[in-house]
Amino acid sequence: MNLRNGKVGFIDLSSGESGEEEVEEIALGEDSLKGILAKHGQDSVILGTGLLTGSLIPASCAGTVTVGNKTMPLMGHAGVELKLSGFDFVVLKGKASKWGYVWIRDGIIEFVETPEIVQLNSWQRTDKIRSDQGDSKIQVLSGGPWCDDGRPAAQLVVNHWGGEDKVSVGAGFGARKLAAVAFRGMGELELADPETHFEGSVEMMQSHLSRLGPNKGLRSYYEGAVGEGFDGLVHRHIGCYSCPFPCRTFLKTEEDSKEFRHMHKEPGYLHFDVSALEAAARAGLSARDSIRALARCAQAGAEPATIITASAARSSHADVAAIEALLADPGDLPPASKGNFELSFSRSADYEECLGLGLCPRYWGKVGLDVRAITKCAESALGRMIE
Amino acid sequence: MHRDSVLTPMTSSIILHIEDKANYFGLVLKTKSEGLVMGRPEGTSSGQQASASGGPGAKPILLREPCDLCDGNPKCARICPTQCIMVVD
C-alpha cells in the first residue's frame, strides 16, 4: 500500500487495551475519518494523517487531531512522524481512571499512567515525556492546566508551540484524563513510482518558489510581523516537513537574537500563530511582550487570542503581568479566536480538502490549491487514480 | 537547536551537523570511499564520528546507505529549496 500503512490503531483509555485493524486502501480515502468515528464512537479522539502526508509534494506535512466535530491541523514534523509510527489513524476511546499519556511508537500503543504529570505545564510535560522515554526526538501533543480543566478556550500545544488548536481540542484531552499524546516512528513509506514522483514534486516546488520570491519566515505570510520590534528579535526561520517556504519564525526575547547558540533555558518562542499576533497588536502589546504572552499561554494550554483579547478588555493597559493574572484566574471565558490555519482559504471546503490530503493549508492557500497538478503528482506516488 | 530539529528521512545519506557554537553548522555526508565526510566552516574532514542534529524519524547516519550521488544527479541538491546543498567538482 503506497504512502499508507494500512492500519488503524486504537486504545481504550478505560481499560488500557489496545489493538490495530487492517484497512483496505479504499477505506483510507478522504471520508475515512467519518467511517472511523462511526465505528469507534463519535466521542473518540482521532489522530489522523492525510493521503499525501509524508510524500515529496511541497508542504505535505499535515496530520489532524479530531474530537467530536472539531478538527485541528497537526503541523511541523508531527503528522509525518505519526505516519512513520506505523499507523494511518490512531483512535483513543474511553476515559482513563488516572492521569497519564498515550505513547505510540513503531506499531505499539500504550497508556502510561503518570498521575504527577497533571501538576506540570505543557512545556514541562513535553520535557518530562522525552526525558522519561529517553528520546529528545519524540513528538508530543501536550495539554496544560487549561486543557485539564476542560476550559472552552483550551489549546493543545505541539512540541511546546501553539497555533494549531483553535477549536479547543485540548479540552477534549482533559475530559479523558489525557495529559498528552507522544509518538515516535522509524517506519518507511512505499512509493509506486519514486522517480516520477520526485521529478513532479521538484518541478512543482520550483514553480512555486519562482512565484513566491525570497522567504522571510512568518513575515512572508503576515504583514504584521514586520518592523523594528520583530525584526530585531528574529533568530531563525523553520520549515515544517517538505515545506520550501516556511512560516515559522523563532524570536528570542531573553538573549541576543544574533547569537546562534542558546544560552538561556527559555530563549524565546516559535511563532506561526497569526491570529494571536493580530490580537496582540490590537491590544497594543510590544513585539517582545507579544512573544512572552504567547509563551505563557502555550505553557498554560490556553488559546492566546482569547486571553490577550480578554485581558485588554478587562484593563486599560494590556501587559504580560495582566495576562498571567488572567491565566491564573480566568473566570468564565468563551473562546474568541476565529482560527489560524483555518483562515488560509475563503472557503472552508478548500481548507478541509487540503487538510484531508495531508497538505499545509497555509502554504497551499498562498500558492493556490491546484488540485489537478497535485493529483497528477500524487498518482505517481500512490500508483492509482484519485477521484 | 532549541526544541526543534529537522526531519532527516531515514534513507538520506546527508544530514546537518550542529555544535554549540555561535553561527556554526555544517553537513555530514556518508560516502562509499571515505566513510563519513564532514563539511564545516573550517573545511572538510573525514574518518570520524559525526555529531548530527538528528530529528524526528531519524536514524543514526552510520546505519544509513552511503551516498551514490544518485548516478551523477544528486536528488538532495535538486530538492533543496534554498540551494544550501550544491554539487561542485
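The values are calculated or read from the model by the stated rules, or taken from the named source; none is laboratory data. Since the structure is predicted, the reported quantities are computational estimates derived from the model, not experimental observations. Reconstructed Cβ throughout: ideal geometry from the backbone, glycine too, with neighbour counts over all protein chains shown.
Of the helices (runs of 4 or more DSSP H) lying entirely inside the range A:128-221, those containing at least 1 residues that are within 20 Å of the chain's Cα centre (by Cα) and under 22 Å from A:VAL274 (Cβ atoms) are A:145-148, A:169-174. With respect to (1) more than 30 Å from A:LEU52 (Cβ to Cβ); (2) facing chain B (nearest Cβ under 10 Å); (3) among the charged types (D, E, K, R), the lone exception for A:GLU254 is condition (2). Considering the range A:240-299, the residues that are more than 16 Å from A:SER220 (Cβ to Cβ) and of a type in the set (S, T, N, Q) include one that is surrounded by the fewest Cβ atoms within 10 Å (Cβ to Cβ), namely A:SER286. The requirement of being more than 13 Å from every other protein chain (Cβ to nearest Cβ), touching an Asp or Glu at 6+ places or on another chain (Cβ under 8 Å) and at pLDDT below 95 is not satisfied by A:ASP231. Considering the range A:68-97, and only residues there that are surrounded by fewer than 24 Cβ atoms within 10 Å (Cβ to Cβ) and either under 24 Å from A:THR114 (Cβ atoms) or of a type in the set (S, T, N, Q) (or both), the residue that is nearest to the other protein chains (Cβ to nearest Cβ) turns out to be A:GLY86. Within the range B:67-79, being surrounded by fewer than 16 Cβ atoms within 10 Å (Cβ to Cβ) and either touching an Asp or Glu at 6+ places or on another chain (Cβ under 6 Å) or assigned to a loop (DSSP other than H, G, I, E, B) (or both) holds for B:ASP68, B:ASN73. Tallying residues that are outside any helix (DSSP H, G or I) and over 22 Å from the mean Cα position of the chain (by Cα) within the range A:286-333 yields 11. From the list A:ALA298, A:ALA276, A:ALA318, A:ALA287, the one residue that fits, being under 14 Å from A:TRP161 (Cβ atoms), more than 14 Å from every other protein chain (Cβ to nearest Cβ) and small (Gly, Ala, Ser), is A:ALA276. Within the range A:344-365, the set of residues being surrounded by fewer than 22 Cβ atoms within 10 Å (Cβ to Cβ) and out of contact with any helix residue (DSSP H, G or I) (no Cβ under 7 Å at 6 or more places or on another chain) comprises A:SER346, A:ARG347, A:SER348, A:ALA349, A:ASP350, A:GLU352, A:GLU353, A:GLY356.
Checked against (1) within 12 Å of another protein chain (Cβ to nearest Cβ); (2) out of contact with any His (no Cβ under 6 Å at 6 or more places or on another chain); (3) within 19 Å of A:GLY365 (Cα to Cα), A:PRO246 passes all but condition (2).
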